[in-house]
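Any read-out appearing in this document is the output of simple, stated calculations on the displayed coordinates, not a laboratory observation. Because the structure is a prediction, the values reported are computed rather than measured. As a convention, Cβ positions derive from the backbone with ideal geometry for all residues, glycine included, and neighbour counts pool all protein chains shown.
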Amino acid sequence: MSTALEIEDAIRSLPQSERKKLAEDLPSILPELDGEWHDIINDPRPRPALTALGDKIAAQMKSSPQSIPEIRANDFDR
């Protein structure tokens with residue numbers, strides 16, 4: 001098993017409070033994360049499919065907010 005996979009497994013086994021602290025500390029541990037997000041956010045290329053999806057969701061939330069389920073932490077489980 002690779003070191004990265006071992007680290008991923010260790011992170012998944014942490015209690016929620018420790019995972020939250022780690023998430024807050026990640027930018028100082030992995031400064032390259034900030035650069036990658038900056039590049040993604042500031043990418044000038046148009047994303048018509050993403051824009052259309054965002055517009056559709058915004059319209060649905062405006063007309064029927066109860067139709068959008070609340071996101072739960074376990075929605076992100078693998």
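Using Cβ point charges alone (K and R +1, D and E -1), the dipole size of the chain about the Cα centre works out to roughly 500 debye.
With the cut-off at 20 Å, report for the stretch 3-65 the share of all Cα pairs above it, as a whole percent. Can you show the working numbers first?
Details: 1112 of 1953 pairs.
Cα-Cα pairs in the stretch 3-65 separated by more than 20 Å: 57 percent.
When the chain is described by a simple charge dipole with +1 on each Lys and Arg Cβ and -1 on each Asp and Glu Cβ, the residue from Gln16, Ile71, Pro44 located farthest towards its positive end is Ile71.
What FRET efficiency do you get for Asp75 and Asp25 if R0 is 25 Å and r is their Cβ-Cβ distance, rounded to the nearest 0.05?
Working: r = 24 Å, r/R0 = 0.94.
Computed FRET efficiency for Asp75 and Asp25 comes out at 0.60.
Calculated from DSSP H runs of 4 or more alone, at -39500 (n - 2.57) each and per residue, what is the 222 nm mean residue ellipticity of the chain, nearest 500?
Working: 4 runs with 51 residues, N = 78.
Taking each H run of at least 4 residues, the total per residue is -20500 deg cm²/dmol.
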